[in-house]
1. For a paramagnetic label modelled at 7 Å from the Cα of B:Ile621 toward its Cβ, which residues of the range A:74-104 fall within the zone defined by backbone nitrogen distances under 16 Å?
2. So what's the gap between the Cα centers of the range B:610-639 and the range B:146-211, to the nearest angstrom?
3. Compute from the Cα atoms of the range B:502-627 the Rg and the Dmax, the latter being the longest Cα-Cα distance, and quote both in angstrom.
4. Need the list of lysines near B:Lys27 for cross-linking: C-alpha distance under 24 angstrom, and skip anything on the same chain fewer than eight residues off.
5. Please arrange B:Cys320, B:Cys411 by how many other C-beta atoms lie within 10 Å of their C-beta, fewest to most.
6. Just need the relative contact order of chain B here, percent rounded to a whole number, with Cα pairs under 8 Å and 6+ apart.
7. Can you check how the C-alpha radius of gyration of chain B compares to 2.2 N^0.38 Å, as a plain ratio?
8. Just report the Cα centroid separation between the range A:11-47 and the range B:10-75, whole Å.
Amino acid sequence: MNEIPLTHILFVSTALFFIGMYGLFTRRNIITMLMSIELMLNSVNINFVAFNKYLFPDKLDGLFFSLFIITIAAAEAAVAIAIIINLYRSHQSIDVDDATEMKF
Amino acid sequence: MSNYLYILWIPLLPLATFVVLGLFGRKYFAKTAGMIGTASLLTSTLLSIVAAKQYFFVDGKVNGVYQKIIALKYTWLQFSPNVSIDMGVIVDPISVMMLIVVTSVSLMVHVFSLGYMKGEERFATYYAFLSLFTFSMLGLILSVNIFQVYMFWELVGVSSFLLIGYYFNKPSAVAASKKAFIVTRFADLGFLIGILIIGFYGGTLDIGLLIEKFTSVQSPEFISITTASFLGASMLTWGLVLIFMGGAGKSAMFPLHIWLPDAMEGPTPVSALIHAATMVVAGVYLVARLFPVFSMDEAALTIVTYVGAFSALLAAVIACTQTDIKRVLAYSTMSQIGYMMFALGVSKNGGENGLGFMASMFHLFTHAFFKSLLFLGAGSVIHMVHSNEMKDMGGLRKLMPITHAAFLIACLAIAGIPPFAGFFSKEEILTAAFHENKLIYGVALFTAALTSFYMFRLYFNIFWSKEAAAKAHHSAGHDESHDHGEGTWTMKLPLLILAACAVGVGFIPFSQFITSDGAALETHIDMAFSIAPVALSIIAILLAASFYKSHNAKSDKAVAFFGGFYRAAYKKFYVDELYLFITKKIVFPLIGQPIAWADRNIVDGFMLLLANTTAKISTAIKGLQSGKVQNYALYFFGGVLALSVLFIYIWK
């Protein structure tokens, strides 16, 4: 079977990363921004797994790292949702442009 | 040697009273503060008497010489193995004597104030300040370390400042308290430099060690301090003169005396305590404490002598012209302290030649009693008449018989009429001066006559003179309820006790107890020698009587005769004006203003520049902190990008 070259996978992960970044900067809805961040994290996961598979097939460090990242992402989502709920209660909105009190 | 540790309680009790009354007095002890203060001081006084009895009669003497006992020494700040600031309690003849003087006079003042200050709004604060003063003075007396002296010295200055400015809504009292504080602070600058010089060469700050080192001619410290010289005088002279400058400031010696008359703005009992009997003799005490060192340096002692003698004469002349009765007493205090100073100055250390030292201490002791009596008597009079001016008084002897009797005794005592206390001490001083320096003796004799004159001028003006005027004043006295007669028993009792002291303390065989080296000194009053001063005093009293006993024109004629001299003396020889001229015309424009300019423009300017620059930069960049999360994320990614570029392409 003809193997998929590493560069293809890296291309996918890079595309995913910048799609996430684009979403993070353009969306005003916090939940959408959170989802964009998840995209970026997953692009990193893909990188880890791919490098592990292609460069160090006899090691598992990359897999472990991606597992860690998934865990952290889950925890982060929980914290972020809690923050968002509180934000909604105080501002009646989850638009980031409505929550700009923390400035100079 | 037995335990003297309980002496520690003598200063600590007033301190505790100060803390309690100062913190809680206005709220909880507004009425009882006086009793609390008096009770705690009574305990201190009794302890002092016990200590004096134990020291002088039981165990102070070893082989006929009174020992110096360090009852307690606590090393507080250790700078190097030899140099440390200690807190301690010294027990020797002069400190025990001063304990008695300070506690008993302070007790009398506390009792007197019960009546005099009754109904004052800040009654508790007044007693708190009195206690603070008493504590500081007692601490000063018991000091073992010259730096401990300095600390208590400043505390005394502060409490004096607080008490002079007690009537803080009276501008003249505020000005007087500031003047007293600034003048004595200025003198204390000299004191501090003196301490540092002496401490530097002596290698220690402990008074006992300093005396030990500087009194042996062979010690390396003595040789180094006498060989080092600055502007033609040895460092020993400089150090001692500067220390004496501190003493002169507190003791109101010329030319640092200008604060004392103004300090009379304080409540009269305070004047009796601070500006008559205790604080102003701190300078004398300081010189006496370091006397063995002073006696090694002829030049310093000469300065002490002449400053003392000149102050005595100057103050006596001014006192003859003043009309405010408290000011007359203030100048008389200055004059008497001048006596004590020159008595120290003409003395030598040890043996028969130490007569001056003993006489000075004796005069300090007797003076404390009759001068505080005079002040308290004046307080009684002021309480009655509501004025300090002589012209508002007269013919009071029938209205205030007890005050009159007490005042007369005090006047006789200060005039040196036998057998009152002042006679004995003054004779000793005159004898000491006669043997050492005839010029000083002449000055002292003349001053003694002047003293009698102005004291009896005061006496006759208050209690005799214009009878009708006093009566008119009295019946016209606004309303009868305001008229409280001679005062409460708490005001009469101290007068009686002090009057008894003014008669009696002269008979104490002082030379047996307090001498420069601790050994008893044989003295005798030579009748032939006493004739001159006593006769002069009596002549002066008769002169005063003829001038002032009844209202007549003789005094005006005398004023006219002296003319310009009288006016100069009345204006205190323009010393105040001279100070004002120096400060306002020379110091302020030539030194003060340039410094103020530099402070405002250079020192402040530099700081303002820093602050303004910071403010400007922050205004320029504060937009970065927009509060928008996405902007922050953008900066973050920008930063990551920049770092990546840095790591990948530049730091390969």
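Here, each number is a calculation from the coordinates, and none is a lab measurement. It should be emphasised that the depicted structure is a prediction, and the values quoted were computed from it without experimental measurement. Because the Cβ atoms are built from the backbone with ideal geometry, glycine has one as well, and the counts that use them run over all protein chains shown.
1. A:104
2. The range B:610-639 and the range B:146-211 have Cα centres spaced 55 Å from each other.
3. 34.1, 101
4. B:Lys118
5. Ascending number of Cβ neighbours within 10 Å: B:Cys320, B:Cys411.
6. 12
7. Scaled against compact globular proteins, the figure is 1.14.
8. 83
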